[in-house]
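Input: a single structure, listed below in structure tokens.
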Amino acid sequence: MKLPSRPVFLSSSTMALIREARRTPGYGLFDWLHGYVYGRWIYLYIGIGTGEHPLAKSFVRARQLWLRAFSREQQPSVSPATSEASGERPTTFADTYHGKVVTLESATKLISVQQEVRLTELEHVIPYALARDIVIKNPDHIVALDCPCRAARPNPCLPLDVCLIVGEPFASFATEHHPARTRWITSVEAAEILRAEHELGHVHHAFFKDAMLGRFYAICNCCSCCCGAMQAQRHGVKMLASSGYVVQVDADRCAACGSCQERCQFGAISVNGHAVVDAGACMGCGVCVSQCPQEAMSLVRDESRGVPLELDVLMRQAMQEAGSWKPEADRA
């Protein structure tokens, strides 16, 4: 299917999305229409997805048809029989739309990069069948968007403008179609939003979506009471991937004050004489580490939880593989 060409009634940001879609392998008209609907009416889309919008309750059948049309969960790319024989698994909704937990440091690097980024074949970092590229064009184009998940809730966490849209064509599309809910910000302002949200105990997620050109497009700062992806995660839809770290407790330093338990957005910490971490539930966000007054918590790498999304490391590895990276001493 061909994408539309030069229709005069489309906005400049929509045309930019079309041009980028044409350059994206395997991205067709159906994908573009889904991406346009998602971006253009994101508050309706997320409101229905979280179950908060009246349409979600009044038109259940319409919602089922919507999900069937716009996700691959009902149309697996691999049949169960083939999956079992080959070791592959069917594609699910989570494969099309997911977040990667990142630490405050890693999130800050995503909004501070000074060059365009193109990283592909990141299945070791983004453990999903689809939407796992990091392609950041115009990395200094950053927009703060009112969080659609918080905006959908009757009593949301505040502030609202904490979703960070990073790079083009996404940043301009958001501001052009949602002028009352967006504002352009600098990387310094974006870093301040990340820091403030971290201090509130909220988790940073780098989000990817197949309809958004199959790549990274936003950093969301999430709380378990508002976030649709965390809501889905609790109901068995694995939309979130671990940071690649887990928390380790120094029992000798722990005062059993319970501040980590209160702050943990994933319910991974209990207190029994000292803090106890459920490694299976811990997503390695690092919120509890910075909140511990005794400095008894630390993040440690867990190889079984995948590779961290640490942009500088991934870019250096890509340059090494391409033969274009030199150690700092050799560049002088």
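We did not get these values from a lab; they are worked out from the coordinates using the rules stated. Nothing here was measured: the structure is a model prediction, and the numbers come from that model. We place every Cβ from the backbone using ideal geometry, glycine too, and count neighbours over all the protein chains shown.
Computed from phi, the 3J(HN,Hα) profile of region 258-266 under the Karplus parametrisation 6.51, -1.76, 1.60 (θ = phi - 60°) reads x, 5, 5, 4, 5, 7, 5, 6, 10 Hz, with x in place of Gly and Pro. Counting only residues at least eight positions apart within a chain, or on another chain, the aspartates and glutamates with an alpha carbon under 13 Å from that of Lys137 are Glu20, Glu116, Glu168. Between the residues Ala151, Ser106, Ala94, the greatest Cα displacement towards the positive end of the dipole of region 84-160, with unit charges on the Cβ of Lys, Arg, Asp and Glu, is found for Ala151.
Once the Cα-Cα distance is subtracted from the 0.36 nm per residue extended length, the Ala251 to Leu44 segment shows a gain of 69.9 nm.
Magnitude of the charge dipole for region 159-232, about its Cα centre and with charges confined to Cβ atoms of Lys, Arg (+1) and Asp, Glu (-1), is about 140 debye.
Under a 5 Å amide H cut-off, with hydrogens placed 1.01 Å from N, Tyr245 pairs with Asp302 among residues at least 5 apart or on other chains. Around the Cα centre of region 12-241, unit charges on the Cβ atoms of Lys, Arg, Asp and Glu (plus for the first two, minus for the last two) sum to a dipole of about 620 debye. For the pair Asn155 and Arg195 in one chain, pulling the backbone fully straight at 0.36 nm per residue adds 12.1 nm over the alpha carbon distance. Between Cys264, Ser298, Gln248, the Cα set farthest toward the positive side of the dipole of region 245-305 (charges on each charged residue's Cβ, about the Cα centre) is that of Cys264. Among the GluC sites (Glu not before Pro) within region 84-170, those in coil by DSSP and having at most 16 neighbouring Cβ atoms inside 10 Å are Glu88, Glu116, Glu121, Glu123.
A simple spin-label model places the labels of Val188 and Ser290 1.9 nm from each other, with each point 7 Å out along Cα-to-Cβ.
A dipole drawn for region 12-241 from +1 and -1 charges on Cβ atoms has a positive end, and of Cys222, Gln115, Leu29 the residue lying farthest that way is Leu29.
Panel order for Lys209, Lys238, by other beta carbons found within 10 Å of each beta carbon, from fewest to most: Lys238, Lys209.
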